[in-house]
Amino acid sequence: MTKNKFITLTALVALSFGLCATSSFAQVLDDNTPGSFLVFPKFDIRGDTSTQLRIVNNGENLPNGQGDFVDLKVKLNYVCPGVKHVNEFCAALDRTVTFTPNQTRIIDVADQNPPCNQGYVIAYVLNYQNKPVAYNHLSGSYHIYSGRSHEAENVIALQSPAADGTVLGAGTPVQLRFGADYSALGTVSYTDFRATSTEPDAGSVLNLLTLDVLAGMQNAPAVVFIDFWNAAEVPFSTSHEFICWTEKQLDAIDLNFLEDNLGTTYGSMKIVPNANCPLPGGCPPLVPYDATILGAITEFGDGDAAGHTLFHDQTPKTTSY
């Protein structure tokens, strides 16, 4: 595990005070545009399920400092969820892959041997000195296959405001900053959904993740408030907490996501992060841990599966990875 991947506990607390990732650069991520930092919101290799990542290098690579161009290096981190009061450690695995110009790589997650069978993946560009750099030419998608369905969705790509090849990050160990090195993340997430019904395999599954994690250490739960409405605008509300990554069928979060309780087959929701203490009993004096949230939702019905990443607002939220 390289030290430059994850923020230290001190940095996590400082982040809550707003001391990290401060910059005049406040552009929120631009959806469906190639970037320098990719987030695959989920992988699943349970049983007969498989996941393939597709990463495309749309650029011409970077120089090696001696006037020559070398194969592009991309660091991949596979991040696992923790379980509150059971195992709050978020295990992770590093891998590095290389790309020639305009090359597409297909990566089978099971072949990488991650330390869990579900979680999320991030990828970012390294230069010839193994330092994170700007390179807004990566795009891709993820594909999850099971015996009855095929899920596919574009990766979340975050752009850098810097010129190609500019070394990114700050501090020791190096922190990659969203709102400085890369686009800021949105604050509030939105999505439509299909309610869970008695029809076999009908309903929606929600995936949430946060980049504010500590590998190999205890992690605070990320907490979100969820406001949701049925198609007739009747309001409901609930909350959910998770450590690093979660996948939940909607009615496992709140029974009002059942079609009979919701009153309609479809609805909409708003997901708002809520500040939480980084250590049990630690607030005050510690400032609460206010996680950033990304995610995706998958809808099942009639034997098919279809998903999309969550929509987001344009209110920038900064953090470090």
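The values are calculated or read from the model by the stated rules, or taken from the named source; none is laboratory data. All values derive from a computational prediction rather than experimental measurement. Using ideal geometry, Cβ is built from the backbone for each residue, glycine included, and neighbour counts are taken over all protein chains shown.
Brief remarks follow.
- When C116 is tested against (1) within 16 Å of S50 (Cβ to Cβ); (2) assigned to a loop (DSSP other than H, G, I, E, B); (3) under 19 Å from the mean Cα position of the chain (by Cα); (4) touching a residue at least 40 places away in the same chain (Cβ under 8 Å), just one condition goes unmet, and that condition is (4).
- Residue in the range 60-95 that is modelled with the highest pLDDT, counting only those that are more than 19 Å from the chain's Cα centre (by Cα) and assigned to a strand (DSSP E or B): K73
- Restricting attention to the range 184-216 and to residues that are part of a loop (DSSP other than H, G, I, E, B) and either in contact with a helix residue (DSSP H, G or I) (Cβ under 7 Å, 6 or more places away or on another chain) or modelled with pLDDT of 90 or more (or both), the residue that is farthest from A305 (Cα to Cα) turns out to be L214.
- Hits in the range 217-244 - residues which are part of a loop (DSSP other than H, G, I, E, B) and closer than 18 Å to T319 by Cα: N219, A220, P221, C244
- Residue count for the range 89-128 satisfying the condition of being surrounded by fewer than 21 Cβ atoms within 10 Å (Cβ to Cβ) and on the phi > 0 side of the Ramachandran plot: 2.
- Qualifying residue in the range 79-88 (condition: touching a residue at least 24 places away in the same chain (Cβ under 8 Å), in contact with a Ser or Thr (Cβ under 8 Å, 6 or more places away or on another chain) and buried (at least 17 other Cβ atoms within 10 Å of the Cβ)): yes
- With respect to the conditions (1) among the polar types (S, T, N, Q); (2) farther than 26 Å from P101 by Cβ; (3) at pLDDT below 95, T166 lacks only one, and its number is (2).
- Among the conditions (1) farther than 22 Å from T166 by Cβ; (2) touching a residue at least 12 places away in the same chain (Cβ under 8 Å); (3) among the charged types (D, E, K, R), K131 misses just one, which is (1).
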